[in-house]
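Peer 1: This structure is in structure tokens; I'll ask about it shortly.
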Amino acid sequence: MGFESQEERVTQEQSVELSGSSSVAVAEGGEGVEGKKIIEVGGKRFVLDRKKAEEVFAAKKVINGIDTMTFNLLPLKYQWAYDLYRNMKANHWEPEDIPMNKDIEQWRSAEQLSDSDRWIIRMGIGYFSAAEGIVGDNIIHVIREMVTAPELKLVLGRHAHEENIHADSLLYMISSLGIDPHECEAMFVDVESIGAKNEFVTRISKDLRRDLDMTKTENIQELAKNMFVFGQCMEGTQFYGLFGMILSLWRQNKFPGIGQMFSYTLRDESNHIELLRQLLMQLVEENPEIWTNEFKDSLVDLMRTAVDLEKQFIDDCLPVESVGLNREDFKTYIDFIADRRLEGVGLPLLNEGVKNPFPWLAEMMDIKKEQNFFEQRVTEYQKSSALVKPQDDSDL
Ligand SMILES: [Fe+2]
Ligand SMILES: [Fe+2]
């Protein structure tokens with residue numbers, strides 16, 4: 001790490017006259033100032049110590065980093081986090097820019113949709129309207145609170161904001177279709193499989209909302225567990241049953257607006273899963289003592305529970321089977337995707353050799369620019385990189 005480019009190297013003799021009595025003098029190296037840069041402005045002398053700065057940089061950590069480093073983004077230690085932040089920012093979307101006219105027409109029509117199609121949408125809205133908030137709350141009040149490196153806080157802030165966009169998109173769907181908002185709350189309370197999925201994650205989040213000594217191995221393991229459950233079990237696995245069902249309907253030209261929104265949500269989720277995966281791996285790298293066989297087994301057990309809960313939820317989403325909506329295929333899909341998540345963090349698989357029953361889903365995840373449901377205004381403010389393939393699902 002250096003302070004200067006070659007061009008910036010000037011000696012005190014080369015001090016630059018600015019105006020009147022102000023002058024700037026920069027000294028590098030030399031007797032008594034080795035490793036330091038001296039800047040003199042208007043008679044004041046500032047000594048910048050590179051060694052000290054390098055020590056601060058070395059103390060940048062996922063947790064328990066140096067506490068004077070409040071928000072020093074530069075120099076970046078976790079380049080991957082900043083790259084992910086830029087990727088997420090480039091994918092920005094707003095729900096209102098997606099037309100809902102066709103969805104409304106279909107929703108009101110007796111011929112264009114079946115009751116089971118409508119039920120899937122109700123389950124989607126009912127589940128995600130709580131789940132998006134639970135994830136965003138955990139990111140802000142647990143994970144972002146505990147990590148210390150500023151570039152990690154930056155990308156986690158963007159993660160939480162994207163959960164707000166997703167929650168907002170659900171409000172937009174509810175108001176467009178004219179669904180009574182009390183119904184969403186009722187589904188949260190009355191549909192047992194939704195309650196069970198939510199309880200599974202909120203319990204883990206609550207365990208960390210107290211003053212914990214983060215130098216203790218068992219507490220670092222609690223945080224690692226939280227990152228694993230939210231990233232790999234919830235966003236990475238338990239979101240995918242409904243994603244698959246709604247995109248299956250979209251594929252049949254049902255709910256073009258909602259399908260579009262869920263495809264953008266899915267693209268965002270791929271980044272969230274990757275963020276929490278990298279964060280977990282980084283935490284383990286910096287605290288290798290947490291990664292015991294016993295701890296790894298406990299994480300695999302949590303994934304097993306997450307998969308069981310998701311399969312019960314699939315039964316509730318698909319009380320009636322129809323074309324492209326086969327219960328067993330969705331359960332196999334969850335087995336397949338859970339193993340991809342376990343693989344991603346170096347854990348043993350639950351169902352070795354299980355095949356993806358939905359190869360078409362990989363294609364739908366590859367959002368093409370030609371499939372432009374946006375109005376002109378949106379296309380204009382989207383970055384050229386906005387329509388990239390979701391990173392971690394490209395091989396599904
Ligand atoms: Fe989300
Ligand atoms: Fe998410």
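The values are calculated or read from the model by the stated rules, or taken from the named source; none is laboratory data. Since the structure is predicted, the reported quantities are computational estimates derived from the model, not experimental observations. Neighbour counts are summed over all protein chains in view; Cβ atoms, including those assigned to glycine, are modelled from backbone coordinates with ideal geometry.
Peer 1: Looking only at the range 213-258, which residues are within 26 Å of Ile165 (Cβ to Cβ), at pLDDT 95 or above, surrounded by fewer than 24 Cβ atoms within 10 Å (Cβ to Cβ) and among the charged types (D, E, K, R)?
Peer 2: Lys254
Peer 1: Taking the range 133-147 as the search range and keeping residues that are buried (at least 19 other Cβ atoms within 10 Å of the Cβ) and β-branched (Val, Ile, Thr), which one is farthest from ligand 2 (Cβ to nearest atom)?
Peer 2: Within the range 133-147, the match that is farthest from ligand 2 (Cβ to nearest atom) is Val147.
Peer 1: Moving on. Please state which one of Arg122, Arg118, Arg203 is basic (Lys, Arg), touching a residue at least 24 places away in the same chain (Cβ under 8 Å) and away from ligand 1 (no atom under 14 Å from the Cβ).
Peer 2: Selected residue: Arg122, the only one of Arg122, Arg118, Arg203 that is basic (Lys, Arg), touching a residue at least 24 places away in the same chain (Cβ under 8 Å) and away from ligand 1 (no atom under 14 Å from the Cβ).
Peer 1: Out of the residues in the range 139-165 that are within 11 Å of ligand 1 (Cβ to nearest atom) and of a type outside the set (A, V, I, L, M, F, W, C), state the one that is farthest from Asn271 (Cα to Cα).
Peer 2: Asn164
Peer 1: Suppose we keep only residues that are away from ligand 2 (no atom under 16 Å from the Cβ) and of a type in the set (A, V, I, L, M) within the range 253-292. Which one would you say is farthest from Glu343 (Cα to Cα)?
Peer 2: At the first step, the residues of the range 253-292 found to be away from ligand 2 (no atom under 16 Å from the Cβ) are 253-260, 281-292.
Now restrict to residues that are of a type in the set (A, V, I, L, M): 258, 281, 283-284, 290.
Details: Ile258: 31, Met281: 12, Leu283: 17, Val284: 15, Ile290: 18 Å.
Per the stated criteria, the residue is Ile258.
Peer 1: Name the strands (runs of 3 or more DSSP E) wholly within the range 1-101 that hold at least 1 residues that are out of contact with any helix residue (DSSP H, G or I) (no Cβ under 9 Å at 6 or more places or on another chain) and modelled with pLDDT under 80? If you could, list the steps in order and put the result at the bottom.
Peer 2: Numbers: elements: 16-19, 22-28, 36-41, 44-49.
Because the criterion is at least 1 residues that are out of contact with any helix residue (DSSP H, G or I) (no Cβ under 9 Å at 6 or more places or on another chain) and modelled with pLDDT under 80, the strands (runs of 3 or more DSSP E) in the range 1-101 that meet it are 16-19, 22-28.
Peer 1: Restricting attention to the range 247-259, does a residue exist that is at negative phi, outside any helix (DSSP H, G or I) and either charged (D, E, K, R) or within 16 Å of ligand 1 (Cβ to nearest atom) (or both)?
Peer 2: Yes.
Peer 1: Specify the residue that is farthest from Met173 (Cα to Cα); the eligible residues are those in the range 111-132 that are of a type in the set (A, V, I, L, M) and either touching a Leu at 6+ places or on another chain (Cβ under 7 Å) or away from ligand 2 (no atom under 16 Å from the Cβ) (or both).
Peer 2: Leu113
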